[in-house]
1. Using the structure shown, decide if L223 is among the aliphatic types (A, V, I, L, M), out of contact with any Ser or Thr (no Cβ under 9 Å at 6 or more places or on another chain) and either assigned to a strand (DSSP E or B) or closer than 26 Å to L153 by Cβ (or both).
2. Surrounded by 14 or more Cβ atoms within 10 Å (Cβ to Cβ), acidic (D, E) and farther than 30 Å from P232 by Cα: which single residue out of D260, D282, D324 fits that description?
3. Could you grab me the full set of residues in the range 293-318 that are under 29 Å from W253 (Cβ atoms) and at pLDDT 95 or above?
4. For the range 229-300, list the strands (runs of 3 or more DSSP E) that sit wholly inside it and hold at least 1 residues that are under 28 Å from K198 (Cα atoms), aromatic (F, W, Y) and touching a residue at least 24 places away in the same chain (Cβ under 8 Å); which are they?
5. I want to confirm something. Restricting to the range 239-262 and keeping residues that are among the acidic types (D, E) and farther than 11 Å from T224 by Cα, which single residue is farthest from the chain's Cα centre (by Cα)?
6. Restrict the check to the range 198-216 and report whether at least one residue is closer than 23 Å to F148 by Cα and not in a strand (DSSP E or B).
7. Given the structure, is I303 farther than 26 Å from K45 by Cβ, assigned to a strand (DSSP E or B) and of a type outside the set (D, E)?
Amino acid sequence: MTLSKHLAGILLCLLGGVSILHAGALSVGGFTQVKLEYQYTDYLKFAYPNPILFEYNSHDYRQPAPYINDFPENRVLAKVSQGLGINDVLHVKYQYSDLSDTNWQDLFNAKYVRNLSSSTEAHIAGQFTRGRGGFMGKSVEVGGKVDFAGFILADGSYGYYSNTSDSVWMDNLGVQQTKELPSDAHSLSLKLRQALSKSTAFQVKYDYFFAAGDRADFFSNTLTFWVSQYLPTKTAVHAEYRENWNGNKYRSWSSGLEIDQYLNWSSTLTLKGRFYQGLPTDPLAIQGLNGKTSFNSYSLSAILSHHLFAETIVMLKYRYYVSDQDIEMNTYLLGLQYIL
């Protein structure tokens, strides 16, 4: 795919979103919400490799490196949320990521949410992803949440993923060979939120990921703790701590702080800070850390949300990211949300 085709696809996506703005709600008593985003990342000390991939011990299951895959050079997103009566909502999302001149990714996602009662909700979602190197991924997720009188919120989901990618190598005769490598993965997420008072909430979340490889399997566990406090100054403070450990004897932890400040009736400013440290024990993984024994990164971001009108929100975001692996970047995001 050439860059001109990518830009044409982005333009078509934006035009489609604009046309929906004038289409009106598709159901009686429903609503239509349109969200558009454009993100650009300016790499200061790093060029996005082609591709960013690492291999687990099986040497068969591959996925993007987790500490950089959220930073494509260009990313465009269009999402439409359509109310289908009183209890049903359909979300449709398209995202295109331009990683480099020869590395790209398309993502299509649809999610259906149903209110079973005033306190119970269920959803089902499907996703299709394609990219360079014959990569193709499909996933389905089911889940739901229960609100116990506003004081306890339980949320859970299960996801199944099926991915295929092309493995290319040269045989003994110097002829290029290509083989399609399939892989399957499962995920489980459980979240419990407890209101401690009218202004304080505590949340714990557990995520489990399992991938089946040809020679070995991979699993990952993530445990997250989150505390929120609302202050009389119309300020919300959120503190987070996350611990991760996986089957490759790799452990990591991160801590974050978020401050949401209401500036006036139409504007909100969000400030975020995050520190991450990865601690591998595998000798091969340590060799890839530029002479260090851990991977450390820091990120700072600011988000300004402003209501141009009652139904229109504009969002501006800036994020600075730096690590001890000679990676440094600025990320800029422009978003528009419109409710009919």
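The values are calculated or read from the model by the stated rules, or taken from the named source; none is laboratory data. Quick caveat, the model's predicted, so the values are computed rather than measured. Here the Cβ is made from the backbone with ideal geometry for all residues, glycine too, and neighbour counts use every protein chain on show.
1. Judged against the criteria, L223 is a match.
2. Numbers: D260 fails: farther than 30 Å from P232 by Cα; D282 fails: surrounded by 14 or more Cβ atoms within 10 Å (Cβ to Cβ).
After applying the criteria, what remains is D324.
3. First pass over the range 293-318, keeping only residues under 29 Å from W253 (Cβ atoms): 293-303, 317-318.
Once the filter is applied, which keeps residues that are under 29 Å from W253 (Cβ atoms) and at pLDDT 95 or above, the range 293-318 yields L300, S301, A302, I303, K317, Y318.
4. Of the strands (runs of 3 or more DSSP E) lying wholly inside the range 229-300, those with at least 1 residues that are under 28 Å from K198 (Cα atoms), aromatic (F, W, Y) and touching a residue at least 24 places away in the same chain (Cβ under 8 Å) span 250-264.
5. Taking the range 239-262 first, the residues among the acidic types (D, E) are 240, 243, 258, 260.
Then keep just the ones that are farther than 11 Å from T224 by Cα; that gives 258, 260.
Working: E258: 18, D260: 20 Å.
Step by step, filter the range 239-262, then rank; the result is D260.
6. Start the filter on the range 198-216 by keeping residues that are closer than 23 Å to F148 by Cα, which leaves 198-207.
Applying the additional criterion that residues be not in a strand (DSSP E or B) yields 198-199.
Checked the range 198-216: at least one residue is closer than 23 Å to F148 by Cα and not in a strand (DSSP E or B).
7. Details: farther than 26 Å from K45 by Cβ: no; assigned to a strand (DSSP E or B): yes; of a type outside the set (D, E): yes.
The answer is no for I303.
Residues checked against (1) farther than 17 Å from V113 by Cα; (2) surrounded by fewer than 16 Cβ atoms within 10 Å (Cβ to Cβ); (3) modelled with pLDDT under 95:
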| residue | (1), (2), (3) |
| --- | --- |
| F128 | yes, yes, yes |
| R132 | yes, no, yes |
| K138 | yes, yes, yes |
| G144 | no, no, no |
| I152 | yes, yes, yes |
| S167 | yes, yes, yes |
| L173 | yes, yes, yes |
